[in-house]
Amino acid sequence: MKKLKSLEITPEKIYLSRRKFLAGVGAVTASLIISSGCERVNKVLEDDSPPPKSPLTGASKDELGNRLTSFKNITTYNNFYEFTTEIEVAGVARDFKTRPWTVKVSGQVRKEKTFAIEDILARFKTEERIYRMRCVEGWSMVIPWLGFPLAKLLSEVEPTSKAKYVKFISLRDPERMPGQKNLSFDWPYAEGLRLDEALNDLTILSTGLYGKHLRPQNGAPLRLVVPWKYGFKSIKAIVKIDLVTEMPVSLWMAAARHEYGFYANVNPEVDHPRWSQATERRIGELGRRKTMMFNGYAQQEVD
Ligand SMILES: Nc1nc2c(c(=O)[nH]1)N[C@H]1C(S)=C(S)[C@@H](COP(=O)(O)O)O[C@H]1N2
Ligand SMILES: [Mo]
């Protein structure tokens, strides 16, 4: 039996497993499902029965044995403030047009480039990555993304030695994104990663999920997915990627710096100023489960 000795929790030192979490990897016993004071655990809502499967690979679980969240839940329970601050994004975003669409990659690079979304879809081979996603507000899902490593796109523009961080910017268009008429936020939505985090193999740009193109509510046509960080880092509807020398300021840092930091690594031991981060609610299940250090993507030191 492996015993946990210690975990590295400083943001500067993330030991991530380089394993690819492709579908079909042998399931490990999920021992972290906790009950809310009763013996029956891991109860699920009818909507998750029979267990959802990826149509591409047939996978129904992540590498820890967590079952996939249903397509219905992934596409109807969302966070996307450009449309609404409510969870019901799908209806508001339904007619959002994602063509034409370009993504400009610039800044500290040798070969600045503007990609049409069609180029991105044709050029980068997508693979299925089943990742847990943990929102900072305490809910989580298991999502079979389609995507490709961000590192592949960055290598095409050849970052210079001055590039230390990557800044991501979402579309700003209040006519198409009604939530942007809410001026309490400094639009457009922006996020950032340190360059080494951006180049980590787990960091992907996603173009789909459950073998289908992304829906607007999930960030079509292109979003970031960084599975060991709180969900707000996984910026949607990206139009610009900038390689920069200084740590970028994200929308959430600008809105509430004392509540949302730049690194935002999932950490059950560091509470949000207004709530505990020790547990989470997996959408589609009753009760709460323990939140894992780095959302389960930290390599653990074992005896
Ligand atoms: N542009 C943009 N990206 C965003 C958000 C947003 O409001 N705008 N919300 C974030 C938050 S807080 C979370 S938890 C995830 C939710 O992704 P999902 O709706 O696909 O589950 O998207 C993130 N990306
Ligand atoms: Mo979130």
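The values are calculated or read from the model by the stated rules, or taken from the named source; none is laboratory data. All figures in this text were calculated on a predicted structure; none of them were measured in a lab. No Cβ is skipped: glycine too gets one built from the backbone with ideal geometry, and neighbour counts run over all protein chains shown. With ligands, DNA and RNA removed, areas are computed over all heavy atoms of the protein, side chains included. Shrake-Rupley method; radii C 1.70, N 1.55, O 1.52, S 1.80 Å.
Taking the Cβ of Ile87 as the center, what net charge do the other residues with Cβ under 13 Å away carry, scoring Lys and Arg +1 and Asp and Glu -1? Could you put the intermediate results ahead of the total?
Working: positive: Arg281; negative: Glu86, Glu88, Glu137.
Net of charged neighbours comes to -2.
How far is the Cα center of region 48-83 from the Cα center of region 187-232, in Å?
Region 48-83 and region 187-232 have Cα centres spaced 16 Å from each other.
Under the rule of at least 5 residues apart or a separate chain, name every residue whose amide H is placed under 5 Å from the amide H of His272.
When sequence neighbours closer than 5 places are left aside, the close amide H contacts are Gln277.
For region 217-282, rounded, prolate or oblate, judged on the Cα gyration tensor with a ≥ b ≥ c (square roots of eigenvalues), a/c < 1.5 rounded, else prolate if a/b > b/c? Display every interim value, and only then the final one.
On the way: a/c = 2.18, a/b = 1.38, b/c = 1.59.
Oblate.
For every other residue with a beta carbon closer than 12 angstrom to the beta carbon of Ala116, add +1 if it is Lys or Arg and -1 if Asp or Glu, then tell me the sum. Please list the in-between numbers first.
Working: positive: Arg99, Lys104, Lys113, Arg123; negative: Glu118, Asp119.
The answer is +2.
Of all GluC sites (Glu not before Pro) in region 176-277, which ones are in loop regions per DSSP and have a Cβ with at most 11 other Cβ atoms within 10 Å? Intermediate values should be presented prior to the final figure.
Details: sites: Glu191, Glu197, Glu246, Glu259, Glu269; in loops: Glu246, Glu259, Glu269.
When the GluC sites (Glu not before Pro) of region 176-277 are filtered for loop state and at most 11 Cβ neighbours within 10 Å, Glu246, Glu269 remain.
In whole Hz, with x marking every Gly and Pro, tabulate ³J(HN,Hα) for region 270-281 from phi via Karplus 6.51 cos²θ - 1.76 cosθ + 1.60, θ = phi - 60°.
Ordered by residue, 3J(HN,Hα) equals 10, 6, 5, x, 10, 7, 6, 9, 5, 10, 8, 10 Hz.
How big is the accessible area of His258 in square angstrom, nearest 10, if you roll a 1.4 angstrom probe over the protein chains?
For His258, solvent-accessible area is about 140 Å².
Can you sort Met133, Met141 by solvent-accessible area, 1.4 Å probe, largest first?
Numbers: Met133 30, Met141 5 Å².
Most to least solvent-accessible, the answer reads Met133, Met141.
Under a 5 Å amide H to amide H cut-off, with H placed in plane at 1.01 Å, what residues pair with Gln108 once short-range neighbours are removed?
Here Leu243, Val244 satisfy the definition.
Mind running the shape call on region 160-270? Use the C-alpha gyration tensor, a ≥ b ≥ c as the square roots of the eigenvalues: rounded below 1.5 for a/c, prolate if a/b tops b/c, oblate otherwise. The partial results should precede the final answer.
Values: a/c = 1.36, a/b = 1.12, b/c = 1.21.
Because its axes are fairly even, with a/c under 1.5, region 160-270 counts as rounded.
Taking H placed 1.01 Å from N in the peptide plane, check which residues at least 5 places from Gly65 or on another chain put their amide H under 5 Å from its amide H.
Sorted by chain and number, the residues that satisfy this are Val28.
Which trypsin sites (Lys or Arg not before Pro) in region 89-124 pass both tests, a DSSP loop state and at most 14 other beta-carbon atoms within 10 Å?
Working: sites: Arg94, Lys97, Lys104, Arg110, Lys111, Lys113, Arg123; in loops: Arg94, Lys97, Arg110, Lys111.
In loop regions of region 89-124 (DSSP not H, G, I, E or B), the sparsely surrounded trypsin sites (Lys or Arg not before Pro) are Arg94, Lys97, Arg110, Lys111.
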